[in-house]
Amino acid sequence: MCGIVGIIGKEPVAQRLFDGLKRLEYRGYDSAGICTLENGDFSRARAQGKLHNLKAELEEKDLPGTLGIAHTRWATHGVPNVPNAHPHIAGKVALVVNGIIENFKSLREELQADGREFLSETDSEVVAHLVDREMERGKDPQEAVAAILSRLHGAFAIAFLFQDEPELMIGARRGAPLTVGAGEGENYLGSDAIALAPLTQKIAYLEDGDWVVVKRDGFQIYDSDNDPVERELVESGASASAVEKGNYRHFMQKEIFEQPAVVANTLASYMRPIDGTVALPDNDLDLSTIDRVTIVACGTSYYAGMVAKYWIEKFARVAVDIDVASEFRYRDPVLEKGGLALFISQSGETADTLAALDHSREQGQIIAAVVNVPTSAMAREADLLLPTHAGPEIGVASTKAFTCQLAVLAAFAANLARAKGLMSADEEAEIVKHLQEAPEAINEALNHDDDIAAMAHLVAPARDVLYLGRGPDYPLALEGALKLKEISYIHAEGYAAGEMKHGPIALIDEDVPVIVLAPSGPYFEKTVSNMQEVRARGGKIIFISDAKGLEEAGDGCVATIEMPEAHPLIQPIVYAVPVQLLAYHVAVAKGTDVDQPRNLAKSVTVE
Ligand code: G6P
């Protein structure tokens, strides 16, 4: 949700800022802009829409200067147009903001009463005015920023430039991420390590409430009390090539095909195949005392949590509550002391999930987090950090992060069951064995890519699509529908197969494709009965099952997708693949923007 990059350097920065934005575009693409400073003058280029529009603008406009800030926007306050595009300038202050200033209205009224004129509808512009006003009143830039930060409510990351200060850039963060990078005679600000990857590998993560004075020869971080603090400079390990598509047409496609490798990688850090045991990262928690787990997440991560509920209840016999983060906090959930609250997030920075985490901590919960970005706020706040090793996920629609989350959650469920004394060593070894089979099964599922591409035309013209599943395949039905909605803009709903007769069956006609997920196993027959109910009403069925299931019930479907035989434990991991591929190929057939679907952003750092 909005990406920020800033450079205070030795060479002109405009092109390097633009390149930084390319690595951040996944965070938002409603508009983009760059502002540089030279000889006491700001130069600014901004464009609505994607970066290629800004590129065209930069071809017309020279942005001289060896320091500058840049921004890619996911619109919150104000439509995506040029006046609302960052950087914003007020008097002698230019800034870019990621996040939301919740009290912007009252601040704006106060500033307007003071005679200040606003040029945009954004909340961010008030911050530039606040700082500029403090400077007009005699403060230097550093004092001005320090004075106004405490007046801002909300979650944000900001980078500032000052017209009369060619040696100064200031960054600040609360809630949203910001890193500072150390170079040779130059320094950087960035929303993440990848933004800075080709510039430097040495970065410091600002902590919540920190702000930083960045000069060419160094930087000084201050905490929220404005006291100087040291934050460790670490090797980021981020690689710019991780955000390149290689031979793939889209990031989403690349990420779908990375799944055998990244799931294997993730599992490798949770399993000891030699002795058939599951091991969680080092922690000093006693999981045997846990008798309630509350899972909270958003979007695709929430569906991973729904699958985990089945596993945790089945293996560990621990009651699981699950909720989307945006609802959880506001329904005043009952959280008994000593419960475990489990947060799942690819980015580790989704604002709703983070707020739910803080709330759970206040309510005395032990905090566990399944997170793909190990330096994220959620990762840092967890008592039990369960990392996924999916690598950077750039496609807005989550794919490989989901299957890696499932791998970790299965390991967690087994570990909890062991801790509760409900799983024998043999059963644990059995689980390890089946999880180890997942990468190969995913590979086999990927072999059906061409078949799935060939059936995209069955779904692409539809206005509505239903996905049905039962048991742990029900969340997969929800995930399949979400993937299709996100990238092909076709209205799709996932339903528990048995619930169909209580409403959605009324939607069935020959124009509504119904995707049925039914691996052979305990739920097969019941799901197939629900499928027959659809067929009896003229519904067009795309049936996803294994060879045995297809043989039993595949006749009469408009298309079938054969999945490998897989143990029920890993079926949700394997069945994620065909729903991802189907959504992908339908979107390609429709010509939509697969990696950057309209109105969405990868990490949503506003509530
Ligand atoms: C956004 C993304 C989704 C993602 C969700 C949760 O809506 O578009 O793909 O599932 O956020 O993100 P998180 O980073 O918390 O998993």
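If you go through the range 336-364 one residue at a time, how many are touching a residue at least 24 places away in the same chain (Cβ under 8 Å) and either more than 25 Å from THR388 (Cβ to Cβ) or of a type in the set (D, E, K, R) (or both)? Let's see the steps before the verdict.
Initially, the range 336-364 is screened for residues touching a residue at least 24 places away in the same chain (Cβ under 8 Å), giving 336-357, 359-360, 363-364.
Remaining after also requiring either more than 25 Å from THR388 (Cβ to Cβ) or of a type in the set (D, E, K, R) (or both): 336-338, 349, 352, 363-364.
Qualifying residue count for the region: 7.
Could you tell me whether any residue of the range 420-442 is under 23 Å from GLY299 (Cβ atoms), surrounded by 18 or more Cβ atoms within 10 Å (Cβ to Cβ) and not charged (D, E, K, R)? Break it down into steps so the answer makes sense when it comes.
Let us first name the residues in the range 420-442 that are under 23 Å from GLY299 (Cβ atoms), namely 438, 442.
Retained after the next criterion (residues that are surrounded by 18 or more Cβ atoms within 10 Å (Cβ to Cβ)): 438, 442.
Then drop every residue that is not not charged (D, E, K, R), which leaves 438, 442.
Within the range 420-442, one or more residues are under 23 Å from GLY299 (Cβ atoms), surrounded by 18 or more Cβ atoms within 10 Å (Cβ to Cβ) and not charged (D, E, K, R).
Conditions (1) within 25 Å of ILE148 (Cβ to Cβ); (2) in the same structural domain as PRO87 (by TED's automatic domain parsing); (3) in contact with a helix residue (DSSP H, G or I) (Cβ under 8 Å, 6 or more places away or on another chain), marked per residue:
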| site | (1), (2), (3) |
| --- | --- |
| PHE162 | yes, yes, yes |
| VAL180 | yes, yes, no |
| GLU184 | no, yes, no |
| SER191 | yes, yes, yes |
| LEU196 | no, yes, yes |
| TYR222 | yes, yes, yes |
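Here are some residues: ILE312, ILE274, ILE295. Which one is away from the ligand (no atom under 16 Å from the Cβ) and open to solvent by less than 10 Å² (accessible area, probe 1.4 Å)?
Values: ILE274 fails: open to solvent by less than 10 Å² (accessible area, probe 1.4 Å); ILE295 fails: away from the ligand (no atom under 16 Å from the Cβ).
Going through ILE312, ILE274, ILE295 in turn, the sole match is ILE312.
Please specify each residue of the range 571-592 satisfying the condition of being farther than 15 Å from THR399 by Cβ, surrounded by fewer than 24 Cβ atoms within 10 Å (Cβ to Cβ) and touching a residue at least 24 places away in the same chain (Cβ under 8 Å). Let's see the steps before the verdict.
Step one: filter the range 571-592 for residues farther than 15 Å from THR399 by Cβ, giving 571, 589-592.
With surrounded by fewer than 24 Cβ atoms within 10 Å (Cβ to Cβ) added as a condition, the list becomes 589-592.
Within the range 571-592, ALA589, LYS590, THR592 meet the criteria.
Can you name the number of the only condition in (1) assigned to a strand (DSSP E or B); (2) aliphatic (A, V, I, L, M); (3) over 20 Å from GLY68 (Cβ atoms); (4) open to solvent by less than 20 Å² (accessible area, probe 1.4 Å) that LEU152 fails?
Failing condition for LEU152: (1).
Return the pair list, or none, for Cβ contacts closer than 9 Å from residues in the range 379-399 that are of a type in the set (Val, Ile, Thr) to residues that are within 13 Å of the ligand (Cβ to nearest atom) and in a strand (DSSP E or B), at least 6 apart or on different chains.
THR388/VAL370; THR388/VAL371
Determine whether the range 451-460 contains at least one residue that is over 25 Å from ARG292 (Cβ atoms), open to solvent by less than 10 Å² (accessible area, probe 1.4 Å) and not in a helix (DSSP H, G or I). Before the answer, list the steps.
Applying the first criterion (over 25 Å from ARG292 (Cβ atoms)) to the range 451-460 yields 451-460.
Still in the list and also open to solvent by less than 10 Å² (accessible area, probe 1.4 Å): 452, 456, 459.
Those still in the list that are not in a helix (DSSP H, G or I) too: none.
For the range 451-460, residues over 25 Å from ARG292 (Cβ atoms), open to solvent by less than 10 Å² (accessible area, probe 1.4 Å) and not in a helix (DSSP H, G or I): absent.
Which of the following residues is over 16 Å from LEU21 (Cβ atoms) and either crowded, with 17+ Cβ neighbours inside 10 Å or at pLDDT below 95 (or both): PRO87, PRO83? Step through it out loud before you land on a result.
On the way: PRO87 fails: over 16 Å from LEU21 (Cβ atoms).
Of the residues listed, the single one that is over 16 Å from LEU21 (Cβ atoms) and either crowded, with 17+ Cβ neighbours inside 10 Å or at pLDDT below 95 (or both) is PRO83.
Filter the range 1-20 for residues that are in a helix (DSSP H, G or I) and free of Cβ contacts under 8 Å to residues at least 60 places away in the same chain; which is most open to solvent (accessible area, probe 1.4 Å)?
Initially, the range 1-20 is screened for residues in a helix (DSSP H, G or I), giving 14-20.
After this cut, where a residue has to be free of Cβ contacts under 8 Å to residues at least 60 places away in the same chain as well, the list is 14-15, 17-18.
Details: ALA14: 20, GLN15: 115, LEU17: 0, PHE18: 12 Å².
Here the residue is GLN15.
Just to verify a result, which residue in the range 512-524, among those that are modelled with pLDDT under 90 and surrounded by 14 or more Cβ atoms within 10 Å (Cβ to Cβ), is farthest from ALA566 (Cα to Cα)? Steps first, answer last, please.
Our first condition is that a residue be modelled with pLDDT under 90; within the range 512-524, this holds for 521-523.
Imposing the further condition that a residue be surrounded by 14 or more Cβ atoms within 10 Å (Cβ to Cβ) reduces the set to 521, 523.
Working: GLY521: 10, TYR523: 14 Å.
Step by step, filter the range 512-524, then rank; the result is TYR523.
Looking only at the range 175-204, which residues are surrounded by fewer than 24 Cβ atoms within 10 Å (Cβ to Cβ) and in contact with a Phe, Trp or Tyr (Cβ under 7 Å, 6 or more places away or on another chain)?
GLY175, LEU199, THR200
Could you tell me which of the residues TYR495, TYR467 is hydroxyl-bearing (Ser, Thr, Tyr), in the same structural domain as PHE524 (by TED's automatic domain parsing) and either open to solvent by 10 Å² or more (accessible area, probe 1.4 Å) or outside any strand (DSSP E or B) (or both)?
Values: TYR467 fails: either open to solvent by 10 Å² or more (accessible area, probe 1.4 Å) or outside any strand (DSSP E or B) (or both).
None of the others qualify; the one that does is TYR495.
The values are calculated or read from the model by the stated rules, or taken from the named source; none is laboratory data. None of the values given here were measured: they were computed from a predicted structure. Methodologically, a virtual Cβ is constructed for each residue, glycine included, from the backbone with ideal geometry; neighbour enumeration extends over all protein chains shown. In case anyone asks, the SASA skips ligands and DNA or RNA and just uses the protein heavy atoms, side chains included. Shrake-Rupley method; radii C 1.70, N 1.55, O 1.52, S 1.80 Å.
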